[in-house]
Amino acid sequence: MDAITIKRIRLLHPAVRNEVNEAYTWVNNSLLGKNVRLRFTHTLRTPEEQDILYRQGRTTNKDLNGNNLKKVTNAKAWQSIHNYGLAFDFTLLVDTDGNGSFETVSWSTVKDYDGDKQADWMEVVHHFKKLGWQWGGDWKKFPDYPHLEKNFGLDWKALKLRYDSGDIFTEVIEGKTYKWINL
């Protein structure tokens with residue numbers, strides 16, 4: 001398994017953590033071929049990290065090489081389900097030379113690396129949707145293909161209200177204290 005993803009799964013809300021861990025394991029062991037692995041690129045995102053992403057393509061228009069940056073989110077701090085540990089973004093890692101290193105990152109939603117006549121990306125999406133997760137690729141205004149979330153019927157405003165009202169509990173993970181909303 002991918003140690004980076006396992007560490008990121010630990011930063012998901014406890015209400016979804018076990019389900020995601022089991023689904024992640026199943027997808028890698030049963031759904032994807034031996035040369036494809038699922039990698040979570042983001043799980044819990046701090047409000048500060050969210051604001052940095054929000055500024056991208058708005059007030060931060062160029063990267064360090066002078067290339068134009070595109071908008072990557074419409075969500076400011078606390079407006080993303082990531083801020084509550086109830087979302088993750090993913091990509092696929094591909095072992096193109098068969099040496100087990102999974103050296104290629106794929107954002108393709110149509111490639112069929114394992115040869116089963118189904119796009120590997122969509123196999124991942126369909127599995128999580130069966131478990132009740134919402135896919136950002138279904139969004140009409142701003143599709144977010146790497147994004148999956150489980151918000152328990154609560155939008156960001158309701159989640160933020162719970163957080164602000166103190167309807168939370170704490171958990172220590174690797175020496176750091178995290179605040180989670182009660183669901």
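The values are calculated or read from the model by the stated rules, or taken from the named source; none is laboratory data. Given the structure is predicted, the values throughout are model-derived calculations rather than measurements. Note: ideal-geometry Cβ built from the backbone for every residue, glycine included; neighbour counts use all protein chains shown.
One line per residue, one yes/no per condition, for (1) on the phi < 0 side of the Ramachandran plot; (2) at pLDDT 95 or above; (3) of a type in the set (A, V, I, L, M):
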{"site": "85", "(1), (2), (3)": "no, yes, no"}
{"site": "93", "(1), (2), (3)": "yes, yes, yes"}
{"site": "101", "(1), (2), (3)": "yes, no, no"}
{"site": "104", "(1), (2), (3)": "yes, no, no"}
{"site": "116", "(1), (2), (3)": "yes, no, no"}
{"site": "125", "(1), (2), (3)": "yes, yes, yes"}
{"site": "147", "(1), (2), (3)": "yes, yes, no"}
{"site": "162", "(1), (2), (3)": "yes, yes, no"}
{"site": "165", "(1), (2), (3)": "yes, yes, no"}
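Looking only at segment 108-131, decide whether some residue is touching a helix residue (DSSP H, G or I) at 6+ places or on another chain (Cβ under 8 Å), buried (at least 17 other Cβ atoms within 10 Å of the Cβ), aliphatic (A, V, I, L, M) and part of a strand (DSSP E or B).
Within segment 108-131, not a single residue is touching a helix residue (DSSP H, G or I) at 6+ places or on another chain (Cβ under 8 Å), buried (at least 17 other Cβ atoms within 10 Å of the Cβ), aliphatic (A, V, I, L, M) and part of a strand (DSSP E or B).
Mind checking which residues of segment 163-183 are touching a Phe, Trp or Tyr at 6+ places or on another chain (Cβ under 9 Å) and of a type outside the set (Asp, Glu)?
Scanning segment 163-183 gives 163, 168, 169, 170, 172, 179, 180, 181, 182, 183.
Say we look at segment 50-81 and pick out the residues that are buried (at least 16 other Cβ atoms within 10 Å of the Cβ) and among the hydroxyl-bearing types (Ser, Thr, Tyr); which of these is farthest from residue 149 (Cα to Cα)?
Among them, the one singled out is 54.
Only helices (runs of 4 or more DSSP H) wholly contained in segment 3-104 count here; list those with 3 or more residues that are of a type in the set (S, T, N, Q).
Once the helices (runs of 4 or more DSSP H) in segment 3-104 are filtered for at least 3 residues that are of a type in the set (S, T, N, Q), what remains is 14-26.
Looking at 53, 44, 64, 38, which one is more than 18 Å from the chain's Cα centre (by Cα) and among the aliphatic types (A, V, I, L, M)?
So the residue among 53, 44, 64, 38 that is more than 18 Å from the chain's Cα centre (by Cα) and among the aliphatic types (A, V, I, L, M) is 64.
Please enumerate the residues belonging to segment 137-159 that are of a type in the set (A, V, I, L, M, F, W, C), surrounded by 13 or more Cβ atoms within 10 Å (Cβ to Cβ) and in a loop (DSSP other than H, G, I, E, B).
139, 152, 154
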